[in-house]
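Asks: I have a structure here, written as structure tokens, and I will follow up with some questions on it.
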Amino acid sequence: MQLENETKKFHFVEIDWIVHFPKCGNKGKYLTYNVVFIDRKKGTNQPEQLVRLEAIMENRDFENSYPHTVGFYKASFGEGEAFNPEYLEIRRISNIEEFWLFLNALDI
């Protein structure tokens, strides 16, 4: 399945965070990438934030919550409690290196 022209979306299930990788504009090391971040635990009215991936990966809530179940998805249905992403792949990651491997496997 070709997703080259689509935004790459990840759901960190246990902490209920969404990270979208923009279609273009990022190069170099993953930590320096600009991504769209949504903390779903803060409610459905939270605006999307454009942040460096480093800010997410170094957040204490993220670091203290390993292992993470990470779902890669293309589309989701519903909002709030009814949020239901159609995962294309799900991985359990125990450290940041495993997340980098996941991103590499998806050619991000």
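Asks: Counting Lys and Arg as +1 and Asp and Glu as -1, what is the net charge of the other residues whose Cβ lies under 13 Å from the Cβ of V51?
Replies: Net charge around V51: -3.
Asks: Something else now. Please compute the modelled spin-label separation between E97 and R52, points set 7 Å along Cα→Cβ, answer in nm with one decimal.
Replies: Roughly 2.3 nm, to one decimal.
Asks: Report the gain in length on full extension from N26 to I108: 0.36 nm times residue separation, minus Cα-Cα distance, nm rounded to one decimal.
Replies: Stretched out fully, the N26 to I108 stretch lengthens by 28.6 nm.
Asks: In addition: Roughly how big is the chain's charge dipole about its Cα centre, with Cβ charges of +1 (Lys, Arg) and -1 (Asp, Glu), in debye to the nearest 20?
Replies: Here the size comes out at about 220 debye.
Asks: Now, a different point. Where does each of E98, E89 land when they are ranked from fewest to most other beta-carbon atoms within 10 angstrom?
Replies: Ordered by Cβ neighbours within 10 Å, fewest first: E89, E98.
Asks: Which chymotrypsin sites (Phe, Trp or Tyr not before Pro) does the range 46-107 hold that lie in a coil by DSSP with at most 15 other beta carbons within 10 Å?
Replies: F83
Asks: I need D39, D16, D107 ordered by Cβ neighbour count within 10 Å, fewest first.
Replies: Ascending Cβ contact count within 10 Å gives the list D107, D16, D39.
Asks: Here is a further query. Simple spin-label model, 7 Å along Cα-to-Cβ: N59 to I15 in nm?
Replies: Between N59 and I15, the simple spin-label model gives 0.6 nm.
Asks: Let a ≥ b ≥ c be the square roots of the eigenvalues of the Cα gyration tensor of the range 20-63; is it rounded (a/c under 1.5), or, if not, prolate (a/b larger than b/c) or oblate?
Replies: In terms of gyration-tensor shape, oblate.
Asks: Something else now. Using +1 at the Cβ of each Lys and Arg and -1 at the Cβ of each Asp and Glu in the chain, identify which of W17, Y73, W100 lies farthest towards the dipole's positive end.
Replies: Final value for the positive-end residue is W100.
Each value in this text was obtained by applying a stated rule to the coordinates, not by laboratory testing. Computed from a predicted model, the values in this text were never measured in an experiment. Neighbour counts run over all protein chains shown; Cβ positions are idealised from the backbone, glycine included.
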